[in-house]
Ligand code: TV1
Ligand code: CA
């Protein structure tokens, strides 16, 4: 089929957890759970659901989380509630803040916000998205999930509580000797890089915006290459604002990933496909189109190496929903949206392989797509200045390629 040019026969397995879609980070928080339901509704409106089987998962247990996280932190995640946080003598709130849950930050404009609030149903939310990623890893198939790349061993960070990616990679290391992690979320994948910083069995590659204090501050420099046994197994590709499709893909992504594949020869790949690198994102400043984002995903799939695809987040919800829906159509394999929707593709049965309509079908969230003219492929920002000059791109890619070359025998 034209929408899936390199498709072999594939069976697509899809999982959607309505309960996670209802998780509320707080009224003014940038993490909008509704985007998940929007993506699901869009996928349904394109009539893709009948082409996929539903994936069954079980919630992750505390013991499974402890494969990466500190037991004390996992206990906190299980115990904390919004009520406990505000009641009593403040002891619970103090304990939570020690794990960066409920800790206030400044927004730069003098306002305060809480990245990782003690949300209602936090434990079930974490169990559900982490369980989804574990099931996906165990199925040894292509799958999209979670992608909560900032969570640390002993603390929450950047809206992430449990690092489902680290758990999934650890699971894969049980069956594969080398696992590659690729991260196209606009933020640096710090939690995953740190977890495997001294490992030569996991190579982490993050593409991200690196301007000023952009989160996570001071992370993701080209010179950060890993430590000890893991030296040159961390790859970082920092960018300035306004990066467009061709600079991203032809200037950086394709040459870097080609080299990584040739040198590291992974047996399995985990890819985090955050939708915040898309043009017009509320937090991110890059300028990728839906097609440009999907091209990176398609490139990684073209190696036909077992691939676990994870979603992550995006802050302009109509853009993200459109992007993920398109990537389902074109890659026939997706799990995304804070591990809310899981799709496993196996190389055994029939692919979706449907023709893609640019016109978004009429459905319940129709009005959200008005600003993009009801088109799946909305227009990128033509007026946004691209701060990444050809010279900058060349310089960065040369340095990155030189680092990777150090692994060549
Ligand atoms: C509540 C209400 C929370 C409004 C958070 C933007 C808000 C942000 C909010 C926000 C916001 C961040 C920091 C500074 C850490 C702080 C896994 C030292 C308008 C997907 C996480 C970004 C990105 C965290 C997650 C960042 C992901 N940016 N309004 N918070 N302190 N936090 O900078 O990678 O996309 O912004
Ligand atoms: Ca990234």
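If you go through segment 176-190 and pick out every residue that is more than 11 Å from ligand 2 (Cβ to nearest atom) and touching a helix residue (DSSP H, G or I) at 6+ places or on another chain (Cβ under 9 Å), you end up with 3. Comparison of 252, 221 shows that the only residue that is closer than 19 Å to residue 285 by Cβ, within 16 Å of ligand 2 (Cβ to nearest atom) and in contact with a helix residue (DSSP H, G or I) (Cβ under 6 Å, 6 or more places away or on another chain) is 252. Selection of first residues in segment 200-217 that are within 19 Å of residue 248 (Cα to Cα) and of second residues that are at pLDDT below 95 and not in a loop (DSSP other than H, G, I, E, B), restricted to Cβ pairs under 9 Å at least 6 apart or on distinct chains, gives the following pairs, ordered by first then second residue: 206/272; 207/296. Within the set 190, 183, the sole residue that is surrounded by 21 or more Cβ atoms within 10 Å (Cβ to Cβ) and either more than 17 Å from the chain's Cα centre (by Cα) or within 23 Å of residue 119 (Cβ to Cβ) (or both) turns out to be 190. Would you mind stating whether residue 270 is assigned to a strand (DSSP E or B), within 16 Å of ligand 2 (Cβ to nearest atom) and surrounded by 20 or more Cβ atoms within 10 Å (Cβ to Cβ)? So residue 270 passes the test.
Within the option set 160, 126, being touching a helix residue (DSSP H, G or I) at 6+ places or on another chain (Cβ under 6 Å) and crowded, with 20+ Cβ neighbours inside 10 Å holds for one residue only, 126.
Look through segment 1-39, keep the residues that are within 19 Å of residue 55 (Cβ to Cβ) and assigned to a loop (DSSP other than H, G, I, E, B), and return whichever of them is modelled with the lowest pLDDT.
Start the filter on segment 1-39 by keeping residues that are within 19 Å of residue 55 (Cβ to Cβ), which leaves 9-21, 36-37, 39.
Imposing the further condition that a residue be assigned to a loop (DSSP other than H, G, I, E, B) reduces the set to 9-10, 17.
Values: 9: 45, 10: 51, 17: 75.
Out of the qualifying residues, it is 9.
I'd like the residue in segment 273-293 that is surrounded by fewer than 21 Cβ atoms within 10 Å (Cβ to Cβ) and within 11 Å of ligand 1 (Cβ to nearest atom) and, out of all such residues, is nearest to residue 164 (Cα to Cα). Applying the filter and picking the extreme gives 283. The set of residues from segment 158-174 being farther than 19 Å from residue 226 by Cα and either within 14 Å of ligand 2 (Cβ to nearest atom) or part of a loop (DSSP other than H, G, I, E, B) (or both) comprises 158, 159, 160, 161, 162, 163, 174. Considering segment 95-114, and only residues there that are farther than 20 Å from residue 69 by Cβ and free of Cβ contacts under 8 Å to residues at least 60 places away in the same chain, the residue that is nearest to ligand 1 (Cβ to nearest atom) turns out to be 105.
With respect to (1) in contact with a strand residue (DSSP E or B) (Cβ under 6 Å, 6 or more places away or on another chain); (2) modelled with pLDDT of 95 or more, the lone exception for residue 244 is condition (1).
Counting residues in segment 175-183 that are touching a strand residue (DSSP E or B) at 6+ places or on another chain (Cβ under 8 Å) and either in a helix (DSSP H, G or I) or under 26 Å from residue 75 (Cβ atoms) (or both) gives zero.
Residue 235 meets the conditions (1) surrounded by fewer than 24 Cβ atoms within 10 Å (Cβ to Cβ); (2) away from ligand 1 (no atom under 16 Å from the Cβ) in every case but one. The failed one is (1).
Residue count for segment 220-239 satisfying the condition of being assigned to a strand (DSSP E or B) and farther than 8 Å from residue 197 by Cα: 5.
The values are calculated or read from the model by the stated rules, or taken from the named source; none is laboratory data. Predicted, not measured: the structure shown is a model, and the values here were computed from it. So basically every Cβ, Gly included, is an ideal-geometry build from the backbone, and we count neighbours across all protein chains shown.
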